[in-house]
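Notes for the one structure printed next.
The values are calculated or read from the model by the stated rules, or taken from the named source; none is laboratory data. Everything quoted here is computed from the prediction, not taken from an experiment. Using ideal geometry, Cβ is built from the backbone for each residue, glycine included, and neighbour counts are taken over all protein chains shown.
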Amino acid sequence: MRRLLAAGLLAALAAPVPALAQAVAGDPLASVMWSTVHATVLGGGPVVFDDARVRVFTPIRVEDNHRVPVSIQVEGLADVREVVVLADHNPIPRAVTYAPAGGTAPFLELSMKLNEATPIRAAVKTADGVWHVGGLRVDAAGGGCAAPRPATASAEWQDDLNKVRARAWRRPAGGVRLEVRVVHPMDTGLVENIPTFHVEALTIAQAGRTLAVLEPTAASAENPVFAIDLPNAAADADITVTGRDTDGNGIRARIPAPDTVYGLLAGRRS
């Protein structure tokens with residue numbers, strides 16, 4: 001009987017788990033968590049791995065797990081409905097969901113927390129329901145989501161909670177590039193005696209017309225900064241930012257129409 005049980009156990013261990021084997025085999029980053037995040041974050045929808053049209057840029061070796069810069073460049077995809085930035089091995093995988101108006105989302109930049117070495121991905125959903133996924137694997141020591149944040153003792157967020165600091169530039173190709181920073185602790189709820197508390201929605205609008213909606217999670221960095229391209233924005237009109245955090249505190253700001261072109265005049269790359 002013992003021999004039969006042992007043989008059965010060895011056979012069970014040797015047999016691959018179909019879903020896991022399929023997920024790892026189809027995933028260019030061979031992540032053991034891909035099937036889980038595909039189901040829970042992306043709803044199990046159809047996926048095309050597409051590093052050519054969805055490009056992710058971030059340091060390969062992370063120095064500060066509490067603030068990891070990530071840039072997303074989307075090219076050649078029309079009718080974009082949603083962009084999700086996620087990290088497979090984070091306890092909170094999704095960092096932000098971005099819904100652009102007008103079907104184009106050429107650029108998104110943010111900083112996020114990482115809890116350990118992980119693939120970082122951008123998933124771009126088009127009107128046909130297909131997720132186009134690009135990503136890369138990064139090395140991280142760990143603790144970004146579950147360790148106390150560096151500025152825990154800082155009074156900035158207590159004095160200036162939800163204050164917005166923003167800049168806008170005219171894009172050479174038309175439209176506006178916008179950078180928005182919100183003063184907020186972005187607590188994950190994974191540190192003892194500190195509950196979840198984060199910005200959960202930001203709406204970018206102009207003259208009453210919604211240009212983009214951002215839905216961050218606590219996996220976004222403290223005092224989150226988001227930079228996005230708004231191809232459909234008018235370059236001669238103010239932009240408004242409204243939103244809320246998980247405690248219902250409001251966020252509101254008005255950004256003047258840009259007076260410089262994004263590039264050399266703005267002191268940044270074009």
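If we keep just the residues of the range 180-227 that are farther than 23 Å from ALA105 by Cβ and among the charged types (D, E, K, R), which is surrounded by the most Cβ atoms within 10 Å (Cβ to Cβ)?
Filtering the range 180-227 for residues that are farther than 23 Å from ALA105 by Cβ and among the charged types (D, E, K, R), the one surrounded by the most Cβ atoms within 10 Å (Cβ to Cβ) comes out as GLU222.
Residues that are part of a loop (DSSP other than H, G, I, E, B), touching a residue at least 40 places away in the same chain (Cβ under 8 Å) and within 22 Å of the chain's Cα centre (by Cα): does the range 196-206 have at least one?
Taking every residue of the range 196-206 in turn, at least one turns out to be part of a loop (DSSP other than H, G, I, E, B), touching a residue at least 40 places away in the same chain (Cβ under 8 Å) and within 22 Å of the chain's Cα centre (by Cα).
Inside the range 32-65, can you point out the residues that are within 23 Å of ALA140 (Cα to Cα), in a strand (DSSP E or B) and aromatic (Phe, Trp, Tyr)?
Hit for the range 32-65 is PHE57, nothing else.
Which of the residues spanning the range 69-94 are in contact with an Asp or Glu (Cβ under 8 Å, 6 or more places away or on another chain) and β-branched (Val, Ile, Thr)?
VAL70, ILE72 - these are the residues of the range 69-94 that are in contact with an Asp or Glu (Cβ under 8 Å, 6 or more places away or on another chain) and β-branched (Val, Ile, Thr).
Identify, by number, the condition in (1) buried (at least 18 other Cβ atoms within 10 Å of the Cβ); (2) farther than 30 Å from GLY102 by Cβ; (3) modelled with pLDDT of 95 or more that ARG137 doesn't meet.
(1)
Given the options ALA173, ALA151, ALA147, name the one that is among the small types (Gly, Ala, Ser), at pLDDT below 95, assigned to a loop (DSSP other than H, G, I, E, B) and under 30 Å from ALA30 (Cβ atoms).
Residue meeting the stated conditions: ALA147.
Please pick out the residue among ARG94, ARG81, ARG67, ARG53 that is basic (Lys, Arg), at pLDDT 95 or above and buried (at least 16 other Cβ atoms within 10 Å of the Cβ).
Result of the check over ARG94, ARG81, ARG67, ARG53: ARG94.
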